[in-house]
Each structure stands twice: as structure tokens, then as C-alpha cells.
1. Restricting to the stretch 344-361, name every residue that is surrounded by 24 or more Cβ atoms within 10 Å (Cβ to Cβ) and at pLDDT 95 or above.
2. Can you find even one residue in the stretch 127-144 that is in contact with a Gly (Cβ under 9 Å, 6 or more places away or on another chain) and farther than 23 Å from PHE207 by Cα?
3. Find the residue count for the stretch 120-140, including only residues that are of a type in the set (S, T, N, Q) and touching a Leu at 6+ places or on another chain (Cβ under 8 Å).
4. Scan the stretch 362-373 residue by residue and report those that are touching a Ser or Thr at 6+ places or on another chain (Cβ under 8 Å) and either at pLDDT 85 or above or surrounded by fewer than 24 Cβ atoms within 10 Å (Cβ to Cβ) (or both).
5. Which residue, of TYR299, TYR292, TYR258, is touching a Ser or Thr at 6+ places or on another chain (Cβ under 7 Å) and hydroxyl-bearing (Ser, Thr, Tyr)?
6. Among (1) buried (at least 23 other Cβ atoms within 10 Å of the Cβ); (2) modelled with pLDDT of 90 or more, where does GLY185 come up short?
7. Please specify each residue of the stretch 216-234 satisfying the condition of being assigned to a loop (DSSP other than H, G, I, E, B) and more than 13 Å from PHE18 (Cα to Cα).
8. Quick check, is PHE173 surrounded by fewer than 24 Cβ atoms within 10 Å (Cβ to Cβ), part of a helix (DSSP H, G or I) and under 23 Å from the mean Cα position of the chain (by Cα)?
Amino acid sequence: MEQPPLTPEAKSSLKIVFLTLFLDLVGFSIIFPLFPALAKHYLEVDSDNYFLRLIFDSIHNLLQASGQLDMSSIVLFGGALGALYSFLQFLAAPLWGVISDRIGRKPVLLISVAGLALSYLLWFFSGSFTLLILARLVGGIMGGNISTATAVVADVTQKENRAKGMAFVGIAFAFGFIFGPAIGGILSMFDITEYYPGLAKYGVNPFSLPAGLSFILSMFNLYWLATKFKETLPESKRGKSATDRSINPIVLFKPLPYKGVNLTNFGHFFFLMAFSGMEFTLTFLAVERLSYSSMDNAYMFIFIGFVIALVQGGIVRRKARQVGEKKMSVMGLITLIPGLVLISNANSSGLLYLGLFFLATGSSMAIPCLTSLVSLYTPSEYQGKSIGIFRSLGALARVIGPITASVLYWKMGSAYPYLFGAAFLIIPILMIGMLPNQPSEEAI
């Protein structure tokens with residue numbers, strides 16, 4: 001069955017959502033290639049910082065060694081710093097989703113994008129590690145607006161073309177995944193304080209240029225939202241979401257009364273636990289095994305993002321409804337397994353890139369289709385809450401996955417996060433395979 005075309009209003013809203021999600025993911029991933037350099041920098045200039053010492057003292061206690069920090073131990077630093085951002089998204093996503101169900105999507109997007117701009121401004125002046133942590137705190141909380149942006153897609157699409165709309169979400173993630181690490185890697189090569197040493201007293205540091213560009217992009221997004229975005233949730237549908245909002249994480253594990261939603265949510269959760277471990281350890285593996293530079297790491301992420309954009313734009317957007325979101329999700333999850341196994345054994349760039357191809361292809365099929373499924377199973381007036389929980393559980397997976405993978409990397413070696421991840425994917429494959437073949441008509 002051919003998917004009906006998107007309306008002009010839907011296309012306009014999707015453009016705004018695309019930009020918002022793109023910038024959210026840039027903010028999330030821009031720091032990926034910088035973890036080793038960040039650790040070295042702050043240990044040199046702010047070695048007595050309480051939070052920095054807390055992280056590295058914990059690492060030293062785990063190592064129970066002479067205190068020498070090798071590549072494996074610095075992976076733990078990267079996992080901890082990355083998990084902080086995801087943990088805050090985990091707490092914030094359902095709150096933003098439910099609030100947007102009550103007051104509309106636009107106010108929530110404006111507040112959260114303004115908050116993201118503030119987080120980048122704080123990072124720009126983060127001469128101390130404490131300010132960097134504060135910037136990541138603000139960014140993580142405001143980055144929870146992904147649930148609201150995704151709810152906009154559900155607002156402006158129908159059952160027949162929702163997968164097409166969700167593919168735009170996936171493409172935004174792909175481009176964010178391309179440009180975030182690339183911006184971080186390339187711009188960190190230019191230290192503003194080398195050209196203007198006087199700025200250092202204001203907290204400007206070697207990593208300020210990526211933060212500055214992210215701030216400018218966020219301000220542009222804020223202006224675009226304020227002037228071009230039209231509210232997508234009618235007043236007649238507002239205020240119908242449940243009123244029992246809570247920051248208690250246990251509430252997220254309470255089953256929702258919509259058939260198919262819970263299996264989709266937890267299938268996505270277990271999938272991202274395995275996948276996010278790769279995201280946070282990949283650059284360390286490439287440096288350790290293949291002596292990759294920052295630019296080499298940037299090229300890796302560009303390749304991943306290019307494949308994701310190609311598959312989602314060329315295949316998922318056109319074929320997901322015809323094949324079926326459930327079937328395509330399972331196909332994507334299965335495709336991830338050879339990718340993880342290949343990377344676990346990669347001793348050459350050719351083998352590494354072949355594994356990355358399978359990973360990018362599988363994730364580009366699974367992520368938008370799982371997002372589409374949870375939306376299709378949920379009544380329209382509860383989209384914000386349901387997708388908020390979906391995104392929040394995904395953020396929790398990005399807390400548990402990197403920490404688990406980092407510990408496995410340090411304790412057992414670089415191959416084991418990928419081998420364990422490949423075996424673990426059997427769980428979400430079985431869960432998604434148990435879903436009803438067609439979403440409930442009440443969800444439309």
C-alpha cells in the first residue's frame with residue numbers, strides 16, 4: 001500500500017522538528033571524540049576539582065593499581081560523563097512529554113531549546129570542571145525535549161504515513177550523529193586561547209569553539225521555533241493526559257494500558273543498552289587498536305551517519321509501511337549482530353568499517369520503526385506521555401549501556417562489550433517479534 005503524501009502543514013512542522021532534533025543530537029554527541037582530551041585537560045588545569053577527583057578517585061579505587069591511567073581506564077571517565085547527560089534525559093523526557101500534552105508543544109520546545117543554548121554558553125566559559133558538569137546538567141535536562149519533538153510528528157501524521165514522518169526523526173538523528181562528533185573533533189583542534197590568551201581568565205578553554213558554534217545554532221533554532229512553528233496539538237486534545245507525573249524512575253516501569261506499547265518500550269530499552277555501549281567505546285577501541293587520530297574518529301562517525309541517512313531516507317521512509325514496522329524493526333535488530341561481532345574482531349580499518357556498515361544499517365531500520373510503533377499503539381491525546389516514556393527509557397539505556405560497556409572494556413578487553421552486546425540483542429528481537437501484527441485502531 002502506497003503511503004499518502006504529507007500535508008504542507010505537516011511538512012512545515014517536520015522541518016522544525018528535524019532542526020530541533022538535529023541540534024539536540026549534536027549537543028549529545030559533540031563531546032564523544034573529546035573524552036580523552038577533556039580528561040587530560042582538566043587534570044592539568046583543575047586537578048583539585050571536587051567532581052573531577054570524585055570520578056578519578058573512583059576509577060583508581062576500581063583499578064587498585066599504581067594510579068596510572070591507560071586507555072582502558074579513561075574509557076570509564078568517558079562512560080561516566082556521557083551517562084550523566086543521558087541520566088538527566090531519562091528523568092526529563094516523560095515530564096516534558098506530559099507537560100506538552102497539557103500546555104501544547106510550542107511552549108515546551110521554546111523553553112527547552114533556550115535551555116540548551118544556555119548549556120552551550122556555560123560550556124563555552126567552562127574553565128573549571130564544575131562549570132562543565134553544570135553545562136551537561138542543564139543540557140541533559142533540556143535535551144529531554146526529544147519526546148516533545150517526536151510527539152509533534154505523531155500530531156501531524158496519520159497511521160498510513162507515520163513511519164515516513166518518523167523517518168525524518170531518524171534522519172535528523174543521523175545527521176546529528178554525523179556533525180556532532182565531526183564538529184567536536186575538528187573544532188577542538190583550534191584553541192581560541194592561543195590566539196586571544198586574555199580570554200582564558202573568563203573560562204574560555206581549548207574546547208570552547210565547539211560549544212560556541214552549538215550556542216549559535218541553538219539560538220537560530222530558538223528564533224525559527226518562535227517565528228515559524230505552529231502549534232500542532234489542538235486545545236481540544238490538551239489536558240487529557242494522566243496527572244500523576246513523577247520523577248520517580250520506577251513509575252516508568254509501570255505498564256501502560258495500550259496494547260503493544262509496553263513490549264515496544266522495553267524492546268527499545270534493551271536494544272539501546274547494547275547499541276549505546278558501542279557508541280561510547282568505539283573511539284577508544286579505534287585509538288587502542290588502530291592508533292586513530294581525532295580526525296580518523298570523526299571520519300568514522302561521518303561514515304556511520306551517512307549510511308544511516310541513506311538507509312532511512314532511501315528505504316525506511318518509502319518501504320516501512322509496505323513491509324511493516326514490526327518486521328522491519330526485527331530485520332534491523334538482527335542486522336546489528338554481525339556488525340558487533342565484526343567490530344569485536346576488527347584488526348584493520350576494512351573490518352572495522354564493514355562492522356560499522358552493518359551497525360548503521362541495522363540501527364537505521366530499527367530506531368524509526370520502533371518509534372513509529374509506540375506512536376501507533378498510543379491514542380493521540382496521550383502521545384506526549386507515551387513517547388516521553390519511550391524516550392526516557394531509551395535515555396536510561398544510554399546510562400546503563402555505556403557504564404556496563406566501559407567496565408567490560410576495562411576489565412575484560414575491548415572485544416567483550418561488542419560480543420556481550422551481540423548476544424544481548426536476542427532479548428529485544430524476541431520481544432519485538434511478540435508484538436501484535438497491526439497496531440490497535442484506537443491508536444489512530
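The values are calculated or read from the model by the stated rules, or taken from the named source; none is laboratory data. If you're wondering where the values come from, they're calculated on a predicted model, not measured in any experiment. When we count neighbours, we look across all protein chains shown, and the Cβ atoms used for this are built from the backbone with ideal geometry, even at glycine.
1. Within the stretch 344-361, none qualify.
2. Scanning the stretch 127-144, I find at least one residue that is in contact with a Gly (Cβ under 9 Å, 6 or more places away or on another chain) and farther than 23 Å from PHE207 by Cα, so the answer is yes.
3. Residues that pass the stated criteria total 1.
4. Of everything in the stretch 362-373, those that are touching a Ser or Thr at 6+ places or on another chain (Cβ under 8 Å) and either at pLDDT 85 or above or surrounded by fewer than 24 Cβ atoms within 10 Å (Cβ to Cβ) (or both) turn out to be GLY362, MET365, ALA366, CYS369, LEU370, LEU373.
5. Being touching a Ser or Thr at 6+ places or on another chain (Cβ under 7 Å) and hydroxyl-bearing (Ser, Thr, Tyr) holds for just one of TYR299, TYR292, TYR258, which is TYR258.
6. That leaves (2) as the condition not met.
7. Answer for the stretch 216-234, where residues must be assigned to a loop (DSSP other than H, G, I, E, B) and more than 13 Å from PHE18 (Cα to Cα): LYS230, GLU231, THR232, LEU233, PRO234.
8. no
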